[in-house]
Amino acid sequence: MYRELIGKLIEGHDWAKIQEPCPENEIIQAEEYVGFTFPEELKALLRETNGDHCFLLSAAEIINHVKTNREIFPEYLEPDEFEEKVNRFIPFATNGCGDYYGYRILENDETDTSAIYIWEHELFEILKVASTISDLIIKYYNDEV
């Protein structure tokens, strides 16, 4: 499903390349590092393509971005805000400008799967931008987000 969708949307774009599926053990490693189970929708995406070298992050890139954000942002945010906006966010895509698209983790440790959010790193705001990963992919490649 995702491979076909992305394949159609990136036609003519040399900068995006659909990758091989992500091995299951790498998905598990990413979940363990982030500290939360990934929603089935995200696992399905990674099982079809381990990123696209542009917008969608691979499992290893998810780990690297979470690690970097957890190292950089504590000095800029109050502890509660850091917990909510950095530790409780699962990024799986980026706009290349330091902002991330992903899922929020609620206070009860459940993933908010009602929406995909953008995490704006300069304003430290989290805003709803799409209803599903497919919706986000379509909007991104059509320059709507």
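The values are calculated or read from the model by the stated rules, or taken from the named source; none is laboratory data. Because the structure is a prediction, the values reported are computed rather than measured. Neighbour counts run over all protein chains shown; Cβ positions are idealised from the backbone, glycine included. Protein only, heavy atoms only, side chains kept; ligands, DNA and RNA dropped before computing areas. Shrake-Rupley method; radii C 1.70, N 1.55, O 1.52, S 1.80 Å.
Observations on the structure shown:
- Here Gly98 passes the criteria (1) loosely packed, with under 15 Cβ neighbours inside 10 Å; (2) outside any loop (DSSP other than H, G, I, E, B) except the one numbered (2).
- Any chance Gly96 is without any contact (Cβ under 8 Å) to a residue 24 or more places away in the chain and under 16 Å from Ile137 (Cβ atoms): no
- Selection status of Cys54, of a type outside the set (D, E, K, R), open to solvent by less than 70 Å² (accessible area, probe 1.4 Å) and in a loop (DSSP other than H, G, I, E, B): yes
- If you go through the range 3-49 and keep only what is open to solvent by less than 30 Å² (accessible area, probe 1.4 Å) and touching a Ser or Thr at 6+ places or on another chain (Cβ under 6 Å), you end up with Glu31, Pro39.
- Considering the range 122-145, the residues that are touching a residue at least 24 places away in the same chain (Cβ under 8 Å) and in a loop (DSSP other than H, G, I, E, B) include one that is most open to solvent (accessible area, probe 1.4 Å), namely Glu122.
- Some residue of the range 107-114 being open to solvent by less than 40 Å² (accessible area, probe 1.4 Å) and within 25 Å of Asp14 (Cβ to Cβ): no
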